[in-house]
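Structure first, commentary second.
FYI, it's all coordinate maths here, none of it is from the lab. Only a predicted model underlies this, so the values are computations on that prediction, with no experimental measurement involved. Here the Cβ positions follow ideal geometry from the backbone for every residue, glycine too, while neighbour counts run over all protein chains shown.
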Amino acid sequence: MLALIAALPTGYALARLRFRFQRLILIVTLLAMVMPNTVLVIPLFLEVNAVNAVGELWPVAIIMGFFPFGVYLSYIHFRTAMPHELVEAARIDGLGEVAIFLRIALPISRQAVALVAFFSFVANWTNFFLPLALLTSSFGTQTISVGIQSLISSSPLFNPTTAAGLSVKLYMPELALATAISTIPLLIVFIVAQRFLIRGQTLGAVKG
């Protein structure tokens, strides 16, 4: 949800508005998009540690809410797929940019919303290094990707030496079940996003 709230308005502003440092913001977004997540783990850890928030979920949620690829997808969509005539007509009618975005851009951009929602959910759901660095080893504060890795490392089937003295004794059926459960939300989001993508193929089309 945070990724949608941040990415969609930013992409619309970069595509349809003209303001200072617009090109610079777009270049920074592209650089952040292509930069590996592992490169950013140590700087982000130092920043979170500076505010004494290591081990808490809220800084992880805020950081994951910044999704540069979603900003770029929104920018491309509003730049190419959104009819320019609709925006100009709305401006002539006296609508402000916020009203144009909420009342016109979003209703005809279900395809872009579905894409950003799907990719952001997949990226955050499967993110491993950032939660591993910022969250504690307690199972109550770990994400599912880190939790499954912890379960694997504590299983005598995969690592007998580290499992000594632990109460968690996992074997292949339990690990297979945990992995299958972790994929269910991805399948649900994919099915829902696919429906919106199919419906959104004809939205925003201008009759010739």
So which GluC sites (Glu not before Pro) in segment 3-98 are both in a DSSP loop and have at most 15 other Cβ atoms within 10 Å of their Cβ? GLU56
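Between ARG20 and GLU85, what FRET efficiency comes out of the Förster formula 1/(1 + (r/R0)^6) with R0 = 25 Å and r the beta carbon distance, rounded to 0.05? Numbers along the way, then the final one.
Details: r = 27 Å, r/R0 = 1.08.
So, using R0 = 25 Å, E works out to roughly 0.40.
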Quick one: Karplus J couplings for segment 3-16, per residue in order, coefficients 6.51, -1.76, 1.60, θ = phi - 60°, nearest Hz, x for Gly and Pro? 5, 5, 4, 7, 7, 5, x, 5, x, 5, 5, 5, 8, 10
Once you charge only the Cβ atoms, +1 for Lys and Arg and -1 for Asp and Glu, what is the size of the charge dipole of segment 1-141 about its Cα centre, to the nearest 20 debye? 320 debye
Given 0.36 nm per residue, what is the gain on full extension from MET1 to TRP125 after removing their alpha carbon distance, in nm? 43.4 nm
How about segment 1-55: which chymotrypsin sites (Phe, Trp or Tyr not before Pro) there are in a DSSP loop, with at most 13 other Cβ atoms within 10 Å of their Cβ? PHE19, PHE21
With a cut-off of at most 13 other beta carbons within 10 Å, and DSSP calling the residue loop, which trypsin sites (Lys or Arg not before Pro) in segment 1-62 qualify? Please list them. ARG18, ARG20
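Computed from the mean reciprocal separation of all distinct C-alpha pairs, what Kirkwood hydrodynamic radius does segment 49-146 have, in Å?
Numbers: mean 1/r = 0.0626 Å⁻¹.
It works out to 16.0 Å.
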